[in-house]
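This report refers to the structure that appears directly beneath it.
The values are calculated or read from the model by the stated rules, or taken from the named source; none is laboratory data. Values in this document were obtained by computation on a predicted structure and should not be read as measured data. Don't worry about glycine lacking a Cβ; one is built from the backbone with ideal geometry, like all the others, and counts go over all protein chains shown. Only protein heavy atoms, including side chains, enter the accessible area calculation; ligands, DNA and RNA are left aside. Shrake-Rupley method; radii C 1.70, N 1.55, O 1.52, S 1.80 Å.
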Amino acid sequence: MVFRSIVRPLLRASKPQYLPARSPRCFSKSARLTESPSQPSNHERTTHFGFETVPEAEKEARVAGVFSNVAASYDTMNDFMSLGIHRLWKDHFVRSLNPGSSSSPNSPGWKMLDIAGGTGDIAFRLLDHATNINNSPSSTITISDINPAMLAEGKKRSLATSYANSPRLSFLVANAEELETIESNSIDLYTVAFGIRNFTNKEKALREAFRVLKPGGVFACLEFSGVTNPLFDAVYKRWSFSAIPLIGQLVAGDRASYQYLVESIEKFPKQEEFRDMIKDAGFMVPGKGWEDLTGGIAAIHKGVKPIEKP
């Protein structure tokens, strides 16, 4: 079975330095991605796009616009959003999953799917761990993303790895809510890092993750979450809403995309609620269901697809 119940110490990082901010929040209309967003009718299903309420049919296109804008500077964006420690979180995330591990020397390797993984940041780490730590050269991964610009960035970055143009690495343009080309019960490990908060229908995506995973397979999510200390939370929100959009404007010439991204963190379900969503999709949840990183700025959530009894 892929899942191993391993409890690791919480990731510890040095105390970050914050940029001064003049005001606690910046919610002006000029920070929106569209000057005159459409208003949902009484009969349309709606969802949130940051702090806006928009028709579900509109959100996908607007999120695509955000990530097309930030694809080339995605890691820089995550540096701003995580106070520079997202790389440590990602390393810890991968180690906690221990990809490629097996009790059998003749294991066929893991079949992994990294959703919203366009730039390959998680996928390359997973393959490196499977290859170098667990001696599993037959483990494979598919990087799936709804945004072709993000996948193009991942393909470009893959050229600097040993996995470029190899059968171990493939790319798929797909919506996580409708993985039609992925067979049911075919995946050992499903990962999504800093992506699920942007999905239009998170419950549908979780059910699709459950469908494609093998019995005993693992769903693993790394996402920005709810800071647990009230004082730290106030400082982090001040940083997020005041500094990050401004830095986005200065560094990337794109204040609006960064404004949406910090708002999307605020709207994402907190740890307990997201754990319950994973359970509602059919997964077994180990322990309390999540691990806080750096005081809850981010959290790792896991679920295991039950093995059917004969």
Response to the item:
Of the residues in the range 167-187, those that are within 18 Å of the chain's Cα centre (by Cα) and part of a strand (DSSP E or B) number 6
Fill in: Selection from the range 90-116 of residues that are small (Gly, Ala, Ser), open to solvent by 10 Å² or more (accessible area, probe 1.4 Å) and closer than 18 Å to Ser166 by Cβ
Gly109
Worksheet, complete the sentence: Among residues of the range 249-270 being part of a helix (DSSP H, G or I) and without any contact (Cβ under 8 Å) to a residue 12 or more places away in the chain, the residue surrounded by the most Cβ atoms within 10 Å (Cβ to Cβ) is Gln249
Item to complete: Test Arg87 against the criterion of being more than 18 Å from Arg197 (Cα to Cα), modelled with pLDDT under 95 and part of a helix (DSSP H, G or I), and give yes or no.
Response: yes
Practice prompt. Answer yes if at least one residue in the range 150-158 is open to solvent by 30 Å² or more (accessible area, probe 1.4 Å) and either of a type in the set (Gly, Ala, Ser) or touching a strand residue (DSSP E or B) at 6+ places or on another chain (Cβ under 9 Å) (or both), and no otherwise.
Written response: yes
Discussion item. Looking only at helices (runs of 4 or more DSSP H) that lie completely in the range 198-248, which have at least 3 residues being within 30 Å of Ser184 (Cα to Cα) and modelled with pLDDT of 95 or more?
Written reply: 202-212
Worksheet item: Can Glu273 be described as without any contact (Cβ under 8 Å) to a residue 12 or more places away in the chain and within 20 Å of Asn201 (Cα to Cα)?
Response: yes
Worksheet item: Out of (1) within 30 Å of Ser184 (Cβ to Cβ); (2) assigned to a strand (DSSP E or B), the odd one out for Asp292 is which?
Response: (1)
Discussion item. On the basis of being touching a residue at least 12 places away in the same chain (Cβ under 8 Å), part of a helix (DSSP H, G or I) and surrounded by fewer than 17 Cβ atoms within 10 Å (Cβ to Cβ), does Asp79 make the cut?
Written reply: no
Practice prompt. Scan the range 117-142 residue by residue and report those that are among the polar types (S, T, N, Q) and either surrounded by 18 or more Cβ atoms within 10 Å (Cβ to Cβ) or in a helix (DSSP H, G or I) (or both).
Written response: Thr119, Thr131, Asn132, Ser136, Ser139, Thr140, Thr142
Practice prompt. Name the single residue, out of those in the range 171-187 being of a type in the set (Val, Ile, Thr) and open to solvent by less than 30 Å² (accessible area, probe 1.4 Å), that is farthest from Ile307 (Cα to Cα).
Written response: Ile182
Worksheet item: Is it true that some residue in the range 147-167 is in contact (Cβ under 8 Å) with a residue 12 or more places away in the chain and within 20 Å of Val218 (Cα to Cα)?
Response: no
Worksheet item: Which of the residues that make up the range 282-301 are open to solvent by less than 20 Å² (accessible area, probe 1.4 Å) and either closer than 23 Å to Lys204 by Cα or small (Gly, Ala, Ser) (or both)?
Response: Phe283, Gly289, Gly296, Ala298, Ala299, Ile300, His301
